[in-house]
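Enquirer: Have a look at this one before I ask anything.
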Amino acid sequence: MARSIPKGWDVNISFAEHGKQALESIEKGLADVMFLDLNMPVMDGYQTMEQIRVRDMPTLVIVVSGDVQPQARKRMLAMGALDFIAKPIDSEKLTELLGQYGLYSGKSGGGELRESTQDEEIDRLDVYREMANVAMGQAGEKLAQLLDVFINLPIPNVNQIETNELRMAIAEIQQKAHVSAVSQGFISTGIYGEALVIFNDTDFTNMVELLKYPSTEHVERLEVEALMDVSNILIGACVNALSQQLDLNFSRSHPIILGRHCDLEQLLQSNVSRWNKIVAVEIGYSIEQHDIHFDLLLLLPQSSMDIMFDKLVAHSEVIDG
């Protein structure tokens, strides 16, 4: 975000890790303009924006988020946000937007981008989490369009672990006794992984109703159809988002049903035991008004993540000019 701000814009940049810190920055006079994310710990973007509105705090808010659902944009604009930008940031579009609102009168960004003001060594997990955040948002938007609902998006849970630690690392899924899951592999030059969509068995009835399948079909068949349809949308959109960020193409294998009404630990162990150290990205989607919860799990060997990290850093350095 800092590198996307035009170099000619004479401003001081401050950072906040979550909404509570952001509000404190506004109170200190450090935020005439705020770029606000939606998915944050402690206090998310919605809660932060509500406080800014209620307390009439002196800041202009531009939302920058991976959650690109139309309802998310509409909700934030209704609360007083100036505009809404989707991740990953397009520096030229940002410059045009700042000019549109009279905040910056210089030329389009191009190669004149600001260097990052944070001197800390790049945290790999933060890079993975941000990459997953963008992929999560695009997948959520596709599913929201199909179901005509608003989908709650979390902060992606990212862990670098041994495969035998995977079960303990998955905080959300491990509470579910029996699950059904679909797996689909994806591969590109030097990069490969598995994407799993995991359903809590108790949520199938509500999902089938939301998908409006013919009630004349057999229940078991409808559940399998729902599992495959939702998985195809989530995995497809998520892998496409990774492709865009890495500027490469992934090939996907045919989706397969890993298990039905089975124990998660056994399901995971049989699927990833061939790998040693992995990066596990867990995204817990939910549709609260319909009491539906399901998880998207991305599993990649550490060697693949190292290549992805190098590609992202190289791409960032090219953008920096």
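Enquirer: Considering each residue of region 50-80, count those that are under 27 Å from residue 234 (Cβ atoms) and surrounded by 17 or more Cβ atoms within 10 Å (Cβ to Cβ), and give that number.
Expert: Here the count works out to 11.
Enquirer: For region 192-227, which positions are farther than 15 Å from residue 178 by Cβ and acidic (Asp, Glu)?
Expert: 194, 209, 217, 225
Enquirer: While we're on this one: Run down 180, 188 and say which single residue is under 22 Å from residue 124 (Cβ atoms), at pLDDT 85 or above, surrounded by 14 or more Cβ atoms within 10 Å (Cβ to Cβ) and among the polar types (S, T, N, Q).
Expert: Being under 22 Å from residue 124 (Cβ atoms), at pLDDT 85 or above, surrounded by 14 or more Cβ atoms within 10 Å (Cβ to Cβ) and among the polar types (S, T, N, Q) holds for just one of 180, 188, which is 188.
Enquirer: Turning to a different aspect of this structure: Would you mind stating whether residue 2 is under 20 Å from residue 130 (Cα atoms) and either surrounded by fewer than 17 Cβ atoms within 10 Å (Cβ to Cβ) or in contact with a Pro (Cβ under 9 Å, 6 or more places away or on another chain) (or both)? Spell out how you get there, then give the answer.
Expert: On the way: under 20 Å from residue 130 (Cα atoms): yes; either surrounded by fewer than 17 Cβ atoms within 10 Å (Cβ to Cβ) or in contact with a Pro (Cβ under 9 Å, 6 or more places away or on another chain) (or both): yes.
Against the criterion (under 20 Å from residue 130 (Cα atoms) and either surrounded by fewer than 17 Cβ atoms within 10 Å (Cβ to Cβ) or in contact with a Pro (Cβ under 9 Å, 6 or more places away or on another chain) (or both)), residue 2 qualifies.
Enquirer: Could you list, in sequence order, all residues of region 39-59 that are closer than 28 Å to residue 284 by Cβ and either among the hydrophobic types (A, V, I, L, M, F, W, C) or in contact with a His (Cβ under 9 Å, 6 or more places away or on another chain) (or both)?
Expert: 40, 41, 42, 43, 44, 48, 49, 52
Enquirer: Limited to region 201-212, what total is found for residues that are within 18 Å of residue 296 (Cα to Cα) and either buried (at least 19 other Cβ atoms within 10 Å of the Cβ) or without any contact (Cβ under 8 Å) to a residue 40 or more places away in the chain (or both)?
Expert: Count: 4.
Enquirer: Shifting gears a bit: Can you tell me how many residues in region 46-75 are part of a helix (DSSP H, G or I) and closer than 18 Å to residue 98 by Cβ?
Expert: Matching residues across region 46-75 total 0.
The values are calculated or read from the model by the stated rules, or taken from the named source; none is laboratory data. Nothing here was measured: the structure is a model prediction, and the numbers come from that model. We place every Cβ from the backbone using ideal geometry, glycine too, and count neighbours over all the protein chains shown.
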